[in-house]
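Asker: Once you've had a glance at the structure underneath, I'll fire off some questions.
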Amino acid sequence: MINIYTLRRFFVRLMPNSRPHITGILLAGGMSQRMGSEKGSIRIGSSLLYQYPLGILEELCDEILISTCKPSLFREKHTRVCDEIKEIGPLGGIYSCLKKSSTKLNLVLSYDMPMVNASLLDLLIREAEGFDMVLPAGDDEKPEPLCGIYNRSTIELIEKMISRKDFAVNHMLTQCRSKLIRITREMDAWSPELFLNINTREDLKRLPEDFGE
């Protein structure tokens, strides 16, 4: 049976020059320590937590890489990429996947951000031309580094940061051609919990009651 994401990708590819080729990178290497169990396997409605952000990437991207060293969690047959350099946080997952990516543009999304929507990611893709890195931000203008566009051109910068033992992804913003897009209430992409990270059981209570139905 063909699902809705497969159909949408099919029709998008029929439209000439509709968007550049892009790789989706699902960051799924966290330890889930605050949750107390593997948060990717938590069921919300009819799906597992990680399947919501993965579904959005499948809708928009030509290929998917899953950043994880625990492949048994994932049912989907996408390429898994284990961190080349371990214990340096999300930067290690982004770096390892960028090196495996076959496209210039890469859409990075954490597997614990179920409220991110296609409108937001499509906006980031449309703003990517000429930039090494494009990130969204909320009303506080704080960048969301685990939801953004990363060009393969950033590989060299990340290697320099790793050599300096600087593992903060946000520090890339001032060292490359970057763009920050503030997501405001009047935009289609906006929602109250758009950038919600599910790290604890309390965070699950912040999801809309009908989420996943």
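The values are calculated or read from the model by the stated rules, or taken from the named source; none is laboratory data. All of these numbers come straight from a predicted model, not from anything done at the bench. Positions of Cβ are generated from backbone atoms using ideal geometry, with glycine treated the same way; all protein chains shown enter the neighbour counts. Heavy atoms of the whole protein, side chains included, go into the accessibility calculation; ligands, DNA and RNA do not. Shrake-Rupley method; radii C 1.70, N 1.55, O 1.52, S 1.80 Å.
Asker: If you take the residues in segment 83-96 that are touching a residue at least 24 places away in the same chain (Cβ under 8 Å) and over 21 Å from PRO143 (Cα atoms), which one is least open to solvent (accessible area, probe 1.4 Å)?
Answerer: SER96
Asker: Follow-up. Would you tally the residues in segment 132-142 being farther than 14 Å from ILE22 by Cα and surrounded by fewer than 22 Cβ atoms within 10 Å (Cβ to Cβ)?
Answerer: 6
Asker: Could I ask something else about it? Would you please list the contacts, defined by Cβ atoms under 7 Å and residues six or more apart or on different chains, that run from a residue in segment 154-169 that is within 19 Å of LEU135 (Cα to Cα) and open to solvent by 30 Å² or more (accessible area, probe 1.4 Å) to a residue that is in a loop (DSSP other than H, G, I, E, B) and not aromatic (Phe, Trp, Tyr)?
Answerer: Going by the 7 Å Cβ cut-off, the qualifying pairs are PHE167/ILE88; PHE167/GLY89.
Asker: So for segment 165-177 (the condition being at pLDDT 95 or above, closer than 16 Å to ILE25 by Cβ and not in a loop (DSSP other than H, G, I, E, B)), does at least one residue qualify?
Answerer: Yes, the conditions are met somewhere in segment 165-177.
Asker: Now for a separate question. Among residues belonging to segment 118-130 that are surrounded by fewer than 21 Cβ atoms within 10 Å (Cβ to Cβ) and among the hydrophobic types (A, V, I, L, M, F, W, C), point out the one that is nearest to GLY55 (Cα to Cα).
Answerer: The qualifying residue nearest to GLY55 (Cα to Cα) is ALA118.
Asker: Right, here's the next one. Would you mind stating whether ILE198 is at pLDDT below 95, under 22 Å from LEU57 (Cα atoms) and of a type in the set (Val, Ile, Thr)?
Answerer: yes
Asker: Taking segment 179-213 as the search range and keeping residues that are open to solvent by less than 40 Å² (accessible area, probe 1.4 Å) and touching a strand residue (DSSP E or B) at 6+ places or on another chain (Cβ under 6 Å), which one is farthest from LYS142 (Cα to Cα)?
Answerer: GLY212
Asker: Moving on to the next point. Quick one: VAL108 ticks every box in (1) crowded, with 23+ Cβ neighbours inside 10 Å; (2) modelled with pLDDT under 95 except a single one, so which number is it?
Answerer: (2)
Asker: For the condition modelled with pLDDT under 90 and outside any loop (DSSP other than H, G, I, E, B), what is the one hit in ARG34, ARG80, ARG9?
Answerer: So the residue among ARG34, ARG80, ARG9 that is modelled with pLDDT under 90 and outside any loop (DSSP other than H, G, I, E, B) is ARG9.
Asker: Now, a different point. Inspect all residues belonging to segment 68-79 and state whether any of them is surrounded by fewer than 20 Cβ atoms within 10 Å (Cβ to Cβ), under 16 Å from the mean Cα position of the chain (by Cα) and of a type in the set (Ser, Thr, Tyr).
Answerer: Within segment 68-79 (the criterion being surrounded by fewer than 20 Cβ atoms within 10 Å (Cβ to Cβ), under 16 Å from the mean Cα position of the chain (by Cα) and of a type in the set (Ser, Thr, Tyr)), the answer is yes, since at least one residue qualifies.
Asker: Among the residues that make up segment 131-142, is at least one of them free of Cβ contacts under 8 Å to residues at least 60 places away in the same chain and closer than 24 Å to LEU48 by Cα?
Answerer: no
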